[in-house]
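J.: Pasting a structure here, questions to come.
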Amino acid sequence: MGSFFYYILLGTIVTIGVTLVALPFGLVIGLLMALVHTYGGKVLNRIASVYSILLRGVPPIVLLFILYFILSGSIDISPFWAGSLSLGIVSSAYQMEIFRGALLAVGSGQMTAARAVGMSRMQAIRHVVLPQALRIAIPAWSNEYSIILKDSALAFVIGAPEIMARTQFVASRTYQHLPLYLTAGLLYFLLTWLGVAALRKLEHRLRIPGYTHHGMQ
């Protein structure tokens, strides 16, 4: 059984890889969509709203299949990359809402003050609003990390050899379902705990003394 557990353990490399691709990919798209929704005007605001509602209204596994077949049908792409990018696109809608809330939490007074000292609108967003919003978003973003990590298990349905795929493969041959799936659950728990702990340290390091989400104390 030791070799089987080691085989499952190797799946953590793929699971971590899927998460490290999907999370920042979703961050880039989600942040851009949040900026468009908040500052892009009526038409772009509506487009961003539809994007968010559409992706958040369909089960991730359905979108995973749809996006996988779209990607694999147009380019030669491995299950790992197809799964990672698909989960990143799904996550972007949730991350959009995280960053949109963070941008609104900064308050309109920050933009007004930046414009008053001569900054353009884009300069104010980039140098004043966005740095504060990113700090505010870290707690919710750490929750999104744990969600993507667990959703990475869905990638096994398209052939990515991550933790669940390897666990199912071994369990179907050894019939030792309980210890094997307990091992898989423990691996997911440890990866989640380590990632959330790291993001909490990042949040603490970037915290501005005396500053809350509502301004100065």
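J.: Which of the following residues is more than 25 Å from L44 (Cα to Cα), within 19 Å of the chain's Cα centre (by Cα) and of a type outside the set (A, V, I, L, M): S78, S92, S142?
T.: After ruling out the rest, the residue left standing is S142.
J.: Can you find, within the stretch 63-106, the residue that is farthest from H37 (Cα to Cα) among those that are touching a helix residue (DSSP H, G or I) at 6+ places or on another chain (Cβ under 8 Å) and aromatic (F, W, Y)?
T.: My answer is F80.
J.: With the requirement that a residue be part of a helix (DSSP H, G or I), of a type outside the set (V, I, T) and out of contact with any Asp or Glu (no Cβ under 9 Å at 6 or more places or on another chain), what does the stretch 117-139 give you?
T.: R121, M122, Q123, A124, R126, H127, L130, P131, Q132, A133, L134, A137
J.: Still on this structure, please answer the following. Residues in the stretch 64-93 that are within 14 Å of D151 (Cβ to Cβ) and among the polar types (S, T, N, Q): how many?
T.: Of the residues in that region, 4 qualify.
J.: Among the numbered criteria (1) more than 16 Å from the chain's Cα centre (by Cα); (2) part of a helix (DSSP H, G or I); (3) among the aliphatic types (A, V, I, L, M); (4) farther than 18 Å from E162 by Cβ, which one does L67 miss?
T.: Of the numbered conditions (1) more than 16 Å from the chain's Cα centre (by Cα); (2) part of a helix (DSSP H, G or I); (3) among the aliphatic types (A, V, I, L, M); (4) farther than 18 Å from E162 by Cβ, the odd one out for L67 is (4).
J.: Any residue that is farther than 19 Å from L63 by Cα and either of a type in the set (V, I, T) or touching a Gly at 6+ places or on another chain (Cβ under 6 Å) (or both) - is there at least one of those in the stretch 136-155?
T.: Taking every residue of the stretch 136-155 in turn, at least one turns out to be farther than 19 Å from L63 by Cα and either of a type in the set (V, I, T) or touching a Gly at 6+ places or on another chain (Cβ under 6 Å) (or both).
J.: Run down V43, V62 and say which single residue is among the aliphatic types (A, V, I, L, M), surrounded by fewer than 19 Cβ atoms within 10 Å (Cβ to Cβ) and under 15 Å from L154 (Cα atoms).
T.: Result of the check over V43, V62: V62.
J.: So, L202, is that one more than 30 Å from T38 (Cα to Cα) and of a type in the set (A, V, I, L, M, F, W, C) or not?
T.: For L202, the condition - more than 30 Å from T38 (Cα to Cα) and of a type in the set (A, V, I, L, M, F, W, C) - is not met.
J.: Here is a follow-up. Working carefully through the options A114, A160, find the one that is surrounded by 16 or more Cβ atoms within 10 Å (Cβ to Cβ), part of a loop (DSSP other than H, G, I, E, B), modelled with pLDDT under 90 and of a type outside the set (K, R).
T.: A160
J.: L55 is checked against (1) assigned to a helix (DSSP H, G or I); (2) over 21 Å from L149 (Cα atoms) and fails just one. What number does that condition carry?
T.: (2)
The values are calculated or read from the model by the stated rules, or taken from the named source; none is laboratory data. This is a predicted model, so every value here is computed, not measured. Cβ sites come from the backbone with ideal geometry, for glycine too, and all protein chains shown count toward neighbours.
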